[in-house]
Each structure stands twice: as C-alpha cells, then as structure tokens.
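Reading through the structure tokens given below for one structure.
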Amino acid sequence: MPMVSKKLLPLVFIGGALGTSLRYFVEILVGNLPQGQVILTSFVNLLGAAVLGFVSAHKFFSSSSMQGFWGVGFLGGFTTMSGLAMITSSADLGLSNWGPIYWLLVLMQLVIGVAAYRLGLIVAGAGKK
C-alpha cells in the first residue's frame, strides 16, 4: 500500500488529533512558566524529531498504517513548526530586542532536531546488520 492513500486518512486524522491533544495538554502544564511557550515549542519539536527517527526506522512501525498513524498523524500533530514561526514572528522577525535570540532558537532547533532524528534512528537500530 502506498504511503499516500485514502485508506490511511482515518489513521492519520486520529493520530493527528491525539498528537495535537497531547501537545495542548503539555502546553497547559507549562504555559504559565516564564517563556513557557518557547520552552514547550522547543521541547515538543526536539522530542518529536527523535521519536520520528525511531518510528521511521523500527520494524514495529514499518507498515504504511503504522507510519501513517504515528509518523504523519501523531508526530505531525505533536510537533509544531507553525508554532515556532508564530513565536519568531511575534518577535518582529528579528527586529525587536529579543528577535535575534528567536532566530538563534530556530537555527538551533533545526540543527539539534536533525541530530535528535538521527539519535532516534540509532536507538531504533537503523543500520544494524
């Protein structure tokens, strides 16, 4: 079955709803902390990248239905690039006093996110023969 399929739509939808709900629940827990939104967004994106690496490589998740539910749906809903973009744009895209720090955060999330994804692949045993 191809990765893009009408049959996978319900799984992707349910996974996305659950992932988004979990992110929102975590936001409720840390939302009142100073810089809570920035901490939350960084946490979910980096954790999501690591788990996505694991899900992408582990044989338990190898079917298209598991990839659709966990990879595209759940982790797609849990992580939030749009949240990171919103936080950065609210800092006037680098023109405010705090703006450069938010751009550094975007860059760090990209670099560390790729490393976290790679860590997930390693933990899942990718490349073992």
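Structure values in brief
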{"item": "Criterion violated by LEU40 - all others in (1) in contact with a helix residue (DSSP H, G or I) (Cβ under 7 Å, 6 or more places away or on another chain); (2) of a type outside the set (Val, Ile, Thr); (3) at pLDDT 85 or above satisfied", "result": "(3)"}
{"item": "Matching residues, the stretch 89-98, being modelled with pLDDT under 70 and in a helix (DSSP H, G or I)", "result": "SER90, ASP92, LEU93, GLY94"}
{"item": "Unique residue being surrounded by fewer than 17 Cβ atoms within 10 Å (Cβ to Cβ) and under 22 Å from LEU9 (Cα atoms) when the list is SER62, SER56", "result": "SER62"}
{"item": "Residues of the stretch 45-62 that turn out to be more than 17 Å from the chain's Cα centre (by Cα) and not hydrophobic (A, V, I, L, M, F, W, C), as a count", "result": "3"}
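The values are calculated or read from the model by the stated rules, or taken from the named source; none is laboratory data. Remember, predicted model here, so these are calculated numbers, not experimental data. With ideal geometry, Cβ positions are generated from the backbone for all residues, glycine too; neighbour counts draw on all protein chains shown.
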